[in-house]
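Data first, discussion second: the structure below is written as structure tokens.
The values are calculated or read from the model by the stated rules, or taken from the named source; none is laboratory data. This structure is a prediction, so every number in the text was calculated from the model and none was measured. Neighbour counts run over all protein chains shown; Cβ positions are idealised from the backbone, glycine included.
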Amino acid sequence: MTGKKANSGLKRIFTSKTILFFLAVILVVGMIFAYRLYNRIYGSNVELDGKEHSYLYIPTGSNFNDVFSLLREDSLVEDPATFKWLAVKKNYPSHVHPGRYKIEEGMSNNSLVELLRSGRQEPVDLIFNNIRTIPELAGKVAGQIEADSARLVALLHDNSFLRQYNMNRQDAPALFMPNTYEFWWDTRAKDFIERMHREYQQFWEGERRARARRMNMTPVEATTLASIVDEETIHDDEMPKIAGVYVNRLELGMRLQADPTIKYALGDFTINRVLKKHLQIDSPYNTYQNAGLPPGPISIPSIAAIDAVLHHSQHNYLYFAARPDFSGYHNFSRTHRQHIRNAQKYQRALNEKNILE
């Protein structure tokens, strides 16, 4: 019996050690699995080839499969399968938000899923300046936010839509003040225009509107004159003086005779030399034939040009002609005779450089 008891004891010890061994193996395997799982969830899964960050643009109407495809196409995640598994676990497919998202180097799957699921997109600094036409503006804007350029043009050419802003398609360029604005990337065309109208109202409240009123001008009329001034000179410091010439002409009932309005009517701002044949164009924007301001702005003028109109110089000049040194500055005159002499000097300079059109 003693021998049997000893064997039984050995078996129990062996069995216990075996169980402990297997438990230890299971524990180690479990720990390795847990470590690897933790790493896959919380470890780095974003590799941007040395860049600190990149941006993911999720269009309006996208679903989870669209987002997953974008991440793979842009190679933003090293382990797409784990991202997809975790995204499903965290119910991201039911919480897809459009927008522009800042993806940072070394981001984990968990951080990425939480970012996209939260909808915390990164704003865009939308910039536009030196814009002449509505289609050009639409293209510039659509290159920075999701708003469709064709939709923007259609709305800004739609008088029934613009009526809510007390404007028409000729006035529309006056809505926009060249500057830098913070927008969400997924802003729609209509919302962009609405925001610009709020900026327009803010721009014109107070002193600017009061100055325009003292000039017997509406904000749109002041902007229209500013658009001409902006095309006449490349030098901000000369703008108030040129604006003063046009204000003097308007007050005397003289035609503006502004070459930029002819270029606008012809649809060609590349013309270097406005000729007599150009002046014959039949257009309400032809200020050689029509008195007063044209029907609306011929461009989207700079804020400097608008303020130059509102703070125009007080003088008696009625004419100006480009200087023959091609500095971009102008010679000013009170009489037509002196203006002709100044203009002839510039024309001779154009001839010498063989600039005929």
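Some points to look at:
- Out of 347, 338, 314, sole residue that is under 16 Å from residue 274 (Cβ atoms) and assigned by TED's automatic domain parsing to the domain that holds residue 235: 347
- Of all residues in the stretch 278-335 being in contact with a Pro (Cβ under 7 Å, 6 or more places away or on another chain) and hydrophobic (A, V, I, L, M, F, W, C), the one that is nearest to residue 216 (Cα to Cα): 308
- Test for residue 291: is it out of contact with any strand residue (DSSP E or B) (no Cβ under 7 Å at 6 or more places or on another chain), under 30 Å from residue 135 (Cα atoms), buried (at least 16 other Cβ atoms within 10 Å of the Cβ) and among the small types (Gly, Ala, Ser): no
- When residue 288 is tested against (1) at negative phi; (2) out of contact with any Leu (no Cβ under 7 Å at 6 or more places or on another chain), exactly one condition is not met: (2).
- Pairs are defined by a Cβ separation below 8 Å, a sequence spacing of at least 6 or placement on different chains, a first member in the stretch 111-127 that is within 17 Å of residue 68 (Cβ to Cβ), and a second member that is of a type in the set (Ser, Thr, Tyr); the pairs so defined are 113/92; 115/101; 116/92; 116/101; 117/92.
- Annotation note: Cβ proximity below 7 Å between a residue of the stretch 264-277 that is among the charged types (D, E, K, R) and a residue that is surrounded by 10 or more Cβ atoms within 10 Å (Cβ to Cβ) (sequence gap 6+ or interchain) occurs for 273/350; 273/355; 273/357.
- Criterion applied to 107, 167 was being closer than 24 Å to residue 55 by Cβ and not assigned by TED's automatic domain parsing to the domain that holds residue 231, and the one residue passing it is 107.
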